[in-house]
1. Taking Arg64 and the conditions (1) touching a residue at least 60 places away in the same chain (Cβ under 8 Å); (2) farther than 28 Å from Asn118 by Cα; (3) of a type in the set (Lys, Arg), which numbered condition does it fall short on, given that it satisfies the others?
2. If you take the residues in the range 51-74 that are more than 17 Å from Ile13 (Cβ to Cβ) and of a type in the set (Val, Ile, Thr), which one is surrounded by the fewest Cβ atoms within 10 Å (Cβ to Cβ)?
3. If I ask for residues that are at pLDDT below 95, aromatic (Phe, Trp, Tyr) and either closer than 16 Å to Val67 by Cα or out of contact with any strand residue (DSSP E or B) (no Cβ under 9 Å at 6 or more places or on another chain) (or both), which ones from the range 103-136 would you list?
4. With the requirement that a residue be touching a residue at least 60 places away in the same chain (Cβ under 8 Å) and closer than 13 Å to Ser109 by Cβ, what does the range 9-48 give you?
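The values are calculated or read from the model by the stated rules, or taken from the named source; none is laboratory data. All values reported here derive from a predicted model rather than from experimental measurement. Please note: Cβ atoms are built from the backbone with ideal geometry, for glycine as well, and neighbour counts cover all protein chains shown.
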Amino acid sequence: MSRFGYSIFCDDIRNEAGGKLSFIGCYNGVIFISSLFPVVLPRLCVHVHVVSPGGQPFSSILIRCYVPGTDKPIAEESIAPPQQEEQIKLVADLGADAEAPRYIVAGASLIFAPMQLNGPGLIRVRAVIDGETNELPLGSLRVDSNV
């Protein structure tokens, strides 16, 4: 089992009663821009989940976001995972139930208001886990023009 993750790209993320999240205006793989580049989006939100097998607790997670036309991240956000002992205890508390998944999940919401896009390409979200040199892909959103 290896680590993996995913991202939800949308116009807004709202906190609801009971700890629920609502994702408003979700994108399905592509965002079409109806004007010439560069363009400024008033708001773009990304909710990320990073998943690790129960036997590999996190010590640190750094989320990076890249936009088309640059190799440097426009944002870096640290997620503070629970202490490793807590993560191990949560997995152990599942008991002997063989059907229970044994994963540790960390999540966060990134809100860009505004976000400038200089051209078409991919908005990419990546994670650096425990200071490793390789970035874990968490998803991308294609930026395209319909002009």
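1. Failed condition: (2).
2. In the first step, residues of the range 51-74 are kept if they are more than 17 Å from Ile13 (Cβ to Cβ); the result is 51-62, 64, 66-74.
Checking the rest, the ones that are also of a type in the set (Val, Ile, Thr) come to 51, 61, 67, 70, 74.
Values: Val51: 17, Ile61: 22, Val67: 22, Thr70: 10, Ile74: 13.
Of everything passing the filter in the range 51-74, Thr70 is surrounded by the fewest Cβ atoms within 10 Å (Cβ to Cβ).
3. Passing the criteria: none in range.
4. Going residue by residue through the range 9-48, those that are touching a residue at least 60 places away in the same chain (Cβ under 8 Å) are 9, 13, 21, 27, 29-48.
Within the range 9-48, Phe9, Ile13, Leu21, Arg43, Leu44, Cys45, Val46, His47, Val48 qualify.
Condition check ((1) part of a strand (DSSP E or B); (2) at pLDDT below 95; (3) acidic (Asp, Glu)) across all residues:
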position	(1), (2), (3)
Met1	no, yes, no
Ile8	yes, no, no
Arg14	yes, no, no
Phe23	yes, no, no
His47	yes, no, no
Phe58	no, yes, no
Leu62	yes, no, no
Thr70	no, yes, no
Pro73	no, no, no
